[in-house]
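Okay, structure first, notes after.
The values are calculated or read from the model by the stated rules, or taken from the named source; none is laboratory data. Model, not experiment: these values are computed from the prediction. Methodologically, a virtual Cβ is constructed for each residue, glycine included, from the backbone with ideal geometry; neighbour enumeration extends over all protein chains shown. Side chains included, ligands, DNA and RNA excluded: accessible areas come from the protein's heavy atoms. Shrake-Rupley method; radii C 1.70, N 1.55, O 1.52, S 1.80 Å.
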Amino acid sequence: MMKIWGRITSINVAKAVWAAQELGLQFERIDVGGPFGGLDTPEYGALNPNRKIPTLDHDGYILWESNSIVRYLAATYGAGTLWPADPRERGLSDRWLDWQATEFAPAMGPAFLGLIRTPEGQRNQQAIADATARTNRLLTVLEGVMADGRQYVAGDRFTMGDIAVGCAVDRWLRMPVERPETPAVAAYYERVSSRPSAQGVLKQKLV
Ligand SMILES: N[C@@H](CCC(=O)N[C@@H](CS)C(=O)NCC(=O)O)C(=O)O
């Protein structure tokens with residue numbers, strides 16, 4: 001039995017769950033983290049020494065780091081679909097997982113923490129403004145790519161890169177911030193968020 005540990009309101013858990021649903025896998029998701037707690041137990045620490053979510057347990061094979069989980073599930077069950085067979089096409093998809101983790105997430109983080117997790121009177125407005133500007137610049141990078149008419153980040157097929165970018169866009173387009181007009185990204189978001197596999201994953205309350 002496959003288990004995914006983590007509350008669904010976590011963007012990183014969302015990626016793992018979306019990949020599993022897209023691949024039609026049977027799995028159990030266990031609510032830990034956030035209001036559910038459970039990350040500081042010895043049992044959870046043995047699964048994931050970072051005490052973060054998500055963690056995948058695939059018949060005793062334990063994996064943490066959300067984008068590694070997406071890659072593992074895609075490589076194992078999605079050869080030719082989520083995991084493009086051609087190394088060049090795969091590279092074009094894979095880079096978006098890195099882009100989400102190393103560019104978008106660090107840029108968006110301070111704005112998310114400031115606006116969603118910090119009481120109004122205690123917010124660092126400068127940090128929020130800087131993070132918003134940085135994230136909006138990345139949004140316009142994505143807009144420039146999607147504006148060439150492609151349907152998905154690596155071309156005309158939904159691949160693993162769309163899981164990470166779709167989750168990032170899902171969060172940023174629903175944040176209470178000013179954003180530039182990005183019609184190609186808006187159309188992309190509509191396309192990916194309406195997939196059956198995205199139901200119950202995207203559009204969660206921002207907490
Ligand atoms: N790089 C890690 C980051 C994991 C992470 O920061 N997870 C957050 C939720 S998005 C977490 O565990 N927060 C503690 C909590 O939810 O209680 C990954 O991509 O899996």
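A few points about this structure:
Listed here are the residues, each with its yes/no results for (1) under 21 Å from VAL165 (Cα atoms); (2) open to solvent by 30 Å² or more (accessible area, probe 1.4 Å); (3) within 15 Å of the ligand (Cβ to nearest atom); (4) in contact with a Gly (Cβ under 9 Å, 6 or more places away or on another chain).
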| site | (1), (2), (3), (4) |
| --- | --- |
| LYS3 | no, yes, no, no |
| LEU47 | no, yes, yes, no |
| ALA75 | yes, yes, no, no |
| GLU89 | yes, yes, no, yes |
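- Long-range neighbours under 9 Å by Cβ, at least six apart or interchain, first residue under 19 Å from THR9 (Cα atoms) within the stretch 33-52, second open to solvent by 100 Å² or more (accessible area, probe 1.4 Å) and within 8 Å of the ligand (Cβ to nearest atom): GLY33/LYS52; LEU39/LYS52; ASN50/GLU65; LYS52/GLU65
- ALA20 meets each of the listed conditions (1) on the phi < 0 side of the Ramachandran plot; (2) away from the ligand (no atom under 12 Å from the Cβ); (3) open to solvent by 10 Å² or more (accessible area, probe 1.4 Å) apart from (3).
- Test: residue in the stretch 108-121 that is polar (S, T, N, Q) and either farther than 20 Å from LEU173 by Cβ or not in a helix (DSSP H, G or I) (or both): yes
- Selection of the stretch 124-166 for residues being of a type in the set (Gly, Ala, Ser) and closer than 23 Å to ASP94 by Cβ yields GLY144, ALA147, GLY149, ALA154, GLY155, GLY161, ALA164, GLY166.
- Residues of the stretch 34-45 satisfying the condition of being out of contact with any Lys or Arg (no Cβ under 8 Å at 6 or more places or on another chain) and open to solvent by less than 90 Å² (accessible area, probe 1.4 Å): GLY37, GLY38, THR41
- GLU178 open to solvent by 50 Å² or more (accessible area, probe 1.4 Å), more than 15 Å from the chain's Cα centre (by Cα) and touching a residue at least 12 places away in the same chain (Cβ under 8 Å): yes
- Residue in the stretch 62-71 that is within 16 Å of the ligand (Cβ to nearest atom) and of a type in the set (Lys, Arg) present: yes
- Selected residue (only one of ASP86, ASP94 is free of Cβ contacts under 8 Å to residues at least 40 places away in the same chain and within 20 Å of LEU23 (Cβ to Cβ)): ASP86
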